[in-house]
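One structure is given below, encoded as structure tokens.
The values are calculated or read from the model by the stated rules, or taken from the named source; none is laboratory data. Bear in mind the structure is a predicted one, so any value in this text is a computation, not a measurement. Heads up, the Cβs are rebuilt from the backbone with ideal geometry, glycines too, and the neighbour counts pull from every protein chain shown.
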Amino acid sequence: MESFYVLALIAGILVAFALLVLIATHRHSFKAEIPPDVDKPSKLRFYHYIYTLMEILAKKLGSLRICEEHILTRLVTDGLPACRDSRLFIKDLHFDEVPVRLYLPKVPSTSKRRGVLFFHGGCGIFGSIRGYERICQYIARKSDSVVVSVGYRLSPEHPYPAQTLDCLTATVHFLKTAENYGVNPDRIIICGDSAGGTFTASVCQELVNRRDIPKIRAQVLIYPFLQALNFNLPSHQKNAFIPFLSLEHIVRFVLKYLKKDCYMKRAILVGSHVPESMNLKYRKWINPDLIPEAFKLGYKPPLPASFLPQVHEEMKELFETRISPLLADDAVIRCLPDTCVITCEHDVLRDDGLLYKKRLEDNGVKVTWYHMEGGFHCALGFFGYGIFSFPSSGKIVNHAVNFIKEY
């Protein structure tokens, strides 16, 4: 027994030494801007250190060919398994081969319930049904809805656009079979955060002209990624180094999601992938002048970037509405359902939400907007962890629930 404790002590010392070496050799990676008015700044800084250390370790394991970098990240971001809520029937199913998890309140209903399809975030690379268990259980219970969490396939194993197609397939299946689950097909809402917000916006756009299925009743976009043309908006500048999604993280994840070479990251960040004709065409929709003045403090217009045709050609997917829903035609936008947009002040993607909100309103779509002053990207992922959570985590979920209950 003594030898076991000695070996455990030696192993612990070696692990601690290895971690110290990683921290010392990558100390620049731990730098981040933690605004004093963000939710629980000390807690956020601590989580940032843990996450950064995990990222460094994942890269090392990837370079040593021990395991792919994204595998470790998935394990960590999925969090701890949630206890199943005894007030819900929970069942794993497949909607046309797409895995889903169904959450159905056990309390009998006098009429058919509303349905909520939930698309999780994670850049199309991370996230899972398991990782969003707490959130979906809460939505089902508090809104008295049948919630369907969609386990779409992840990149890079399943290249783009498999993720959007899986979300679309699951949505169409649910719209056609809603009554089998006690759901009114005219009361189905789609909800998603981050990349899940991208998929939500994209699916709603793709279904506007379908006449063979019921219409989506409403959509909820939680700090969504909605365009890949301009990475120099006020929120990109202001929140470029905020945990957990920095400006460089966005472009790196987009490149990884599309299975593209990371050498193009710098060119995309400065806008060299967009020809001037395209900038002029979409300036009416993607423009810092459209951002309210209160959100532009400290903003500096970037210097013009040199257009690089080879980067543009390589990254044409960025201009598809499945990646950039903000680029959809007005004819599509004006047919979209009632929308809830939730943005966070300390989020690099804040202005994507603000620009989409304006486009929807300009086209006569009813928009409900909630803004989290102390919120940051990924805050939703900490929901349900008690003292380890953040104030904005609960506020985001409750705003979504309150909106859903109106339908």
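Please name all residue pairs, on different chains or six or more residues apart, with Cβ atoms under 8 Å, provided the first residue is in the stretch 313-332 and is farther than 20 Å from Leu221 by Cα and the second residue is crowded, with 18+ Cβ neighbours inside 10 Å and aromatic (Phe, Trp, Tyr).
Glu317/Tyr160
Conditions tested, residue by residue: (1) within 17 Å of the chain's Cα centre (by Cα); (2) part of a loop (DSSP other than H, G, I, E, B); (3) touching a residue at least 12 places away in the same chain (Cβ under 8 Å).
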{"position": "Gly122", "(1), (2), (3)": "yes, yes, yes"}
{"position": "Ser128", "(1), (2), (3)": "yes, yes, yes"}
{"position": "Glu133", "(1), (2), (3)": "yes, no, yes"}
{"position": "Arg141", "(1), (2), (3)": "no, no, yes"}
{"position": "Ser149", "(1), (2), (3)": "yes, no, yes"}
{"position": "Pro159", "(1), (2), (3)": "no, yes, yes"}
{"position": "Leu165", "(1), (2), (3)": "yes, no, no"}
{"position": "Phe174", "(1), (2), (3)": "no, no, yes"}
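Can you give me the number of residues within the stretch 260-278 that are of a type in the set (A, V, I, L, M, F, W, C) and loosely packed, with under 15 Cβ neighbours inside 10 Å?
Here is the first cut: in the stretch 260-278, the ones of a type in the set (A, V, I, L, M, F, W, C) are 262, 264, 267-270, 274, 278.
If we keep only those that are loosely packed, with under 15 Cβ neighbours inside 10 Å as well, we get 262.
The number of residues fulfilling the criteria is 1.
Would you confirm whether or not the stretch 328-345 contains a residue that is in contact with a helix residue (DSSP H, G or I) (Cβ under 9 Å, 6 or more places away or on another chain), over 19 Å from Gly192 (Cα atoms) and surrounded by 20 or more Cβ atoms within 10 Å (Cβ to Cβ)?
No, the stretch 328-345 contains no residue that is in contact with a helix residue (DSSP H, G or I) (Cβ under 9 Å, 6 or more places away or on another chain), over 19 Å from Gly192 (Cα atoms) and surrounded by 20 or more Cβ atoms within 10 Å (Cβ to Cβ).
Would you kindly identify the helices (runs of 4 or more DSSP H) lying entirely within the stretch 187-259 that contain at least 3 residues that are touching a residue at least 40 places away in the same chain (Cβ under 8 Å) and surrounded by 24 or more Cβ atoms within 10 Å (Cβ to Cβ)?
195-206
Among (1) surrounded by 16 or more Cβ atoms within 10 Å (Cβ to Cβ); (2) at pLDDT 95 or above, there is one condition Lys281 misses while meeting the rest; what is its number?
Lys281 satisfies all of (1) surrounded by 16 or more Cβ atoms within 10 Å (Cβ to Cβ); (2) at pLDDT 95 or above except (1).
Which ones in the stretch 261-272 are modelled with pLDDT under 95 and either outside the structural domain of Arg359 (by TED's automatic domain parsing) or not hydrophobic (A, V, I, L, M, F, W, C) (or both)?
Asp261, Tyr263
Between a residue in the stretch 354-369 that is in contact (Cβ under 8 Å) with a residue 12 or more places away in the chain and surrounded by 16 or more Cβ atoms within 10 Å (Cβ to Cβ) and any residue that is part of a loop (DSSP other than H, G, I, E, B) and of a type in the set (A, V, I, L, M), which pairs come within a Cβ distance under 7 Å, given they are 6 or more apart or on different chains?
Leu354/Ile291; Leu355/Ile286; Tyr356/Leu226; Leu360/Leu336; Val365/Leu336
Could you say which residue among Leu303, Leu308, Leu349 is crowded, with 20+ Cβ neighbours inside 10 Å and either among the aliphatic types (A, V, I, L, M) or free of Cβ contacts under 8 Å to residues at least 40 places away in the same chain (or both)?
Matching residue, one of Leu303, Leu308, Leu349: Leu349.
With the requirement that a residue be over 20 Å from Ile404 (Cβ atoms) and hydroxyl-bearing (Ser, Thr, Tyr), what does the stretch 85-119 give you?
Listed by number, the list holds a single entry, Ser86.
Quick test for you: out of Lys59, Lys112, Lys106, pick the one residue that is touching a helix residue (DSSP H, G or I) at 6+ places or on another chain (Cβ under 8 Å), modelled with pLDDT of 95 or more and among the basic types (Lys, Arg).
Numbers: Lys59 fails: modelled with pLDDT of 95 or more; Lys106 fails: touching a helix residue (DSSP H, G or I) at 6+ places or on another chain (Cβ under 8 Å).
Exactly one of Lys59, Lys112, Lys106 is touching a helix residue (DSSP H, G or I) at 6+ places or on another chain (Cβ under 8 Å), modelled with pLDDT of 95 or more and among the basic types (Lys, Arg), namely Lys112.
Considering only the stretch 309-317, I want to know if a residue exists there that is within 30 Å of Glu33 (Cβ to Cβ) and not hydroxyl-bearing (Ser, Thr, Tyr).
yes
Could you check, for the stretch 196-214, whether at least one of its residues is farther than 23 Å from Leu355 by Cβ and either among the small types (Gly, Ala, Ser) or assigned by TED's automatic domain parsing to the domain that holds Glu68 (or both)?
Taking every residue of the stretch 196-214 in turn, none turns out to be farther than 23 Å from Leu355 by Cβ and either among the small types (Gly, Ala, Ser) or assigned by TED's automatic domain parsing to the domain that holds Glu68 (or both).
Answer yes or no: is there a residue in the stretch 273-288 that is touching an Asp or Glu at 6+ places or on another chain (Cβ under 7 Å), in a helix (DSSP H, G or I) and assigned by TED's automatic domain parsing to the domain that holds Leu104.
Let us first name the residues in the stretch 273-288 that are touching an Asp or Glu at 6+ places or on another chain (Cβ under 7 Å), namely none.
No: the stretch 273-288 contains no residue that is touching an Asp or Glu at 6+ places or on another chain (Cβ under 7 Å), in a helix (DSSP H, G or I) and assigned by TED's automatic domain parsing to the domain that holds Leu104.
Here is a check on your reading of the model: is Gly386 among the small types (Gly, Ala, Ser) and touching a helix residue (DSSP H, G or I) at 6+ places or on another chain (Cβ under 6 Å)? Reasoning before the result, please.
Details: among the small types (Gly, Ala, Ser): yes; touching a helix residue (DSSP H, G or I) at 6+ places or on another chain (Cβ under 6 Å): no.
It is false that Gly386 is among the small types (Gly, Ala, Ser) and touching a helix residue (DSSP H, G or I) at 6+ places or on another chain (Cβ under 6 Å).
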